[in-house]
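Participant: Please see the structure below; I have some questions.
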Amino acid sequence: MTIEYLKSGKPEADRAADDAKTAQIVAGTLKDIETRGDAAVRELANKFDSYDRDSYRLSADEIAALMAKVSDSDMADIRFAQQQVRVFAQAQRDSMTDIEVETMPGVILGHKNIPVQSVGCYVPGGKFPMVASAHMSVATAQVAGVPRIVACTPPFNGEPNPAVIAAMHLGGAHEIHVLGGIQAVGAMALGTETIDPVHLLVGPGNAFVAEAKRQLFGRVGIDLFAGPTETMVIADDTVDAEMVATDLLGQAEHGYNSPAVLVTNSRKLAEGALAEIDRLLEILPTADTAKVSWRDYGEVILCNGYDDMLAVADDIASEHVQVMTDRDDWFLKKMTCYGALFLGPRTNVANGDKVIGTNHTLPTKKAGRYTGGLWVGKFLKTHSYQKITTDEAAAKIGAYGSRLCLLEGFAGHAEQCNVRVRRYGGVNVPYAGAATLPG
């Protein structure tokens with residue numbers, strides 16, 4: 001493989017050191033929440049959000065008052081976006097069916113798709129009010145049939161953001177709490193005096209939220225291991241530098257550590273994109289953030305051809321992959337490791353983030369090698385069941401089961417099978433543990 005880095009980001013060792021610092025802070029904070037409950041949550045809310053109130057859960061009247069502040073046009077846009085998410089989530093749900101099959105006479109096997117019984121949805125909002133994240137988590141959970149949906153979002157400029165609260169409420173949240181950061185996910189997962197714990201945590205967040213979810217995994221389920229937003233543009237000379245640069249910086253503005261990578265086989269495009277990024281950073285309103293991300297985490301990788309571009313892309317396994325080439329469907333067919341693909345110049349990541357209908361909570365930090373993103377199926381558990389309905393089947397399966405249990409040395413297991421052989425097959429098989437008894 002022949003590749004050349006025209007721009008590299010921060011070394012992996014430095015990134016790992018940053019992660020280690022974050023992990024240490026999160027571990028101590030979660031322990032404090034587990035020990036002191038609401039008192040710790042309140043201290044953290046005051047410390048990080050300068051926000052204090054008697055109860056962090058919004059009442060029905062407060063929700064109604066906040067929604068009344070949202071303009072009719074903004075509310076129409078929220079409803080439109082949420083409808084697109086619901087339509088796609090419902091189509092996914094409809095593809096998941098319960099099954100029951102008779103594998104041999106008298107032996108019935110099946111599975112049922114059962115909603116997770118309580119979900120905590122985190123919606124970021126301290127820096128940017130992430131209205132769309134409410135659709136992706138809350139509305140999708142409702143489509144799945146989750147009976148208890150808890151939503152948390154931090155205050156924005158000192159108060160709950162009306163548009164975010166409206167999206168949560170319209171999405172189907174049963175409880176809305178104005179809490180952010182580690183204190184939000186910690187309270188939802190561990191429980192406090194006023195917040196009952198949930199079974200599953202979902203939703204994006206900053207590095208501290210992501211690390212908190214990672215450390216809580218096992219106590220609760222999580223949607224996926226996620227880090228800062230990542231974007232990759234795979235492009236050739238069928239597109240221009242302005243479009244490439246715009247798509248890279250459009251995601252770099254998320255935070256100071258959001259990787260943005262260009263993979264191309266065109267030196268002209270690569271060099272043009274570098275120059276165009278410098279130009280746009282002079283006029284972009286969010287340049288203070290995007291400039292740091294691009295400086296520390298931006299990369300431009302020049303490849304010898306499309307096969308090398310594919311190999312590099314699959315190795316990086318970026319969260320968002322914008323493909324703009326003369327063979328977009330070839331990449332769709334060949335790529336195996338990514339969060340979501342955005343195919344062709346008419347498509348873009350921002351549409352996926354906000355409105356088009358696919359879910360924007362996606363795997364980062366190479367997790368696309370083993371998982372996809374949040375979807376309606378994440379809120380469902382597939383549970384199997386078994387039923388034997390005839391004496392003949394009970395005796396036949398029991399005989400096989402007994403021999404296979406003894407093959408592994410499990411006498412007690414074997415006797416479970418043998419008692420069925422005796423009762424339903426009329427065969428007086430010896431006690432499975434006889435060979436191990438004294439004398």
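Participant: Keeping every protein chain present and rolling a 1.4 Å probe, give me the accessible area per residue for the chain in Å².
Facilitator: 48 Å²
Participant: Same structure again: With a 1.4 Å probe and all protein chains left in place, how much of the accessible area of the stretch 219-291 comes from carbon and sulfur atoms, in whole percent?
Facilitator: 51 percent
Participant: For the stretch 347-424, which GluC sites (Glu not before Pro) are both in a DSSP coil and crowded by at most 14 other Cβ atoms within 10 Å?
Facilitator: Listed in order of number, the matching sites are E408.
Participant: Per DSSP H run of n ≥ 4, the term is -39500 (n - 2.57); total these for the chain, divide by its residue number, and report the mean residue ellipticity at 222 nm rounded to 500 deg cm²/dmol.
Facilitator: -14000 deg cm²/dmol
Participant: State log₁₀ I(q)/I(0) for the stretch 1-140 at q = 0.10, 0.12, 0.22 Å⁻¹ as given by the Debye formula over alpha-carbon point scatterers of equal weight, solvent excluded.
Facilitator: Log10 of I(q)/I(0), two decimals: -0.73, -0.93, -1.40.
Participant: Note down the accessible area of T229, probe 1.4 Å, to the nearest 10 Å².
Facilitator: 30 Å²
Participant: What lysines does K396 reach when the alpha-carbon gap must be under 24 Å and sequence neighbours fewer than 8 apart in one chain are set aside?
Facilitator: K387
Participant: In whole percent, and with a 1.4 Å probe on the protein chains, what portion of the accessible area of the stretch 1-155 is carbon and sulfur?
Facilitator: On the stretch 1-155, the fraction of accessible area on carbon and sulfur atoms equals 55 percent.
Participant: Kirkwood hydrodynamic radius, computed over distinct alpha-carbon pairs, for the stretch 101-218: how many Å, to one decimal?
Facilitator: The Cα-based Kirkwood calculation yields 14.9 Å.
Participant: For S266, enumerate residues with amide H under 5 Å from its amide H, sequence gap 5+ or separate chain, H modeled in the peptide plane.
Facilitator: C303
Participant: Sticking with this structure for a sec: Run the dipole for the chain about the Cα centre, Lys and Arg Cβ at +1, Asp and Glu Cβ at -1, nothing else charged, and hand back the magnitude in debye, nearest 20.
Facilitator: Dipole magnitude for the chain comes out near 1600 debye.
Participant: Among the lysines in the stretch 1-109, how many pairs, 8 or more places apart or on different chains, have alpha carbons under 25 Å apart?
Facilitator: Close lysine pairs under the 25 Å cut-off: 4.
Participant: Sort the stretch 248-314 into rounded, prolate or oblate with this rule: let a ≥ b ≥ c be the square roots of the eigenvalues of the Cα gyration tensor; rounded if a/c is under 1.5, and if a/c is not under 1.5, prolate when a/b is larger than b/c, oblate otherwise.
Facilitator: oblate
Participant: Ranked by accessible surface with a 1.4 Å probe, highest first, in what order do H111, H320 come?
Facilitator: If we order H111, H320 from most to least accessible, we get H111, H320.
Participant: While we're on this one: Taking R0 as 41 Å, what FRET efficiency do you get between E242 and K10 from their Cβ-Cβ distance, rounded to the nearest 0.05?
Facilitator: Once the sixth-power term is evaluated, E becomes 0.95.
Participant: Count neighbours as other Cβ atoms within 10 Å of each site's Cβ, and list the GluC sites (Glu not before Pro) in the stretch 184-244 that are DSSP loop with at most 14 such neighbours.
Facilitator: In loop regions of the stretch 184-244 (DSSP not H, G, I, E or B), the sparsely surrounded GluC sites (Glu not before Pro) are E193.
Participant: Provide the per-residue ³J(HN,Hα) series for the stretch 95-103, in order, calculated from phi with Karplus coefficients 6.51, -1.76, 1.60 and θ = phi - 60°, each as a whole number of Hz, with x at glycine and proline positions.
Facilitator: After applying 6.51 cos²θ - 1.76 cosθ + 1.60, I find 7, 9, 10, 6, 10, 8, 9, 8, 6 Hz.
Participant: Suppose R0 equals 22 Å. What FRET efficiency, 1/(1 + (r/R0)^6) with r the Cβ-Cβ distance, do E193 and S50 give to the nearest 0.05?
Facilitator: After rounding, the FRET efficiency stands at 0.45.
Participant: Return the sequence-ordered ³J(HN,Hα) values of the stretch 359-373 in whole Hz as given by the Karplus equation 6.51 cos²θ - 1.76 cosθ + 1.60 applied to θ = phi - 60°, using x for Gly and Pro.
Facilitator: 7, 9, 8, 10, x, 10, 6, 6, 5, x, 6, 10, 8, x, x
Participant: Quote the FRET efficiency, to the nearest 0.05, computed for D329 versus R36 with a Förster distance R0 of 60 Å and r equal to the Cβ-Cβ distance.
Facilitator: 0.60
Participant: Which values of log₁₀ I(q)/I(0), to two decimal places, follow from the Debye formula for the chain at q = 0.13 Å⁻¹ with a uniform point scatterer at every Cα?
Facilitator: The calculated log intensity ratios at q = 0.13 Å⁻¹ are -1.11.
Participant: Can you give the accessible area of M335 in Å² (nearest 10), computed on protein heavy atoms with a 1.4 Å probe?
Facilitator: About 10 Å², ignoring ligands and nucleic acids.
The values are calculated or read from the model by the stated rules, or taken from the named source; none is laboratory data. Keep in mind the model is a prediction, meaning the values are calculated, not measured. Positions of Cβ are generated from backbone atoms using ideal geometry, with glycine treated the same way; all protein chains shown enter the neighbour counts. Areas reflect the complete protein model, heavy atoms only, side chains present, ligands, DNA and RNA absent. Shrake-Rupley method; radii C 1.70, N 1.55, O 1.52, S 1.80 Å.
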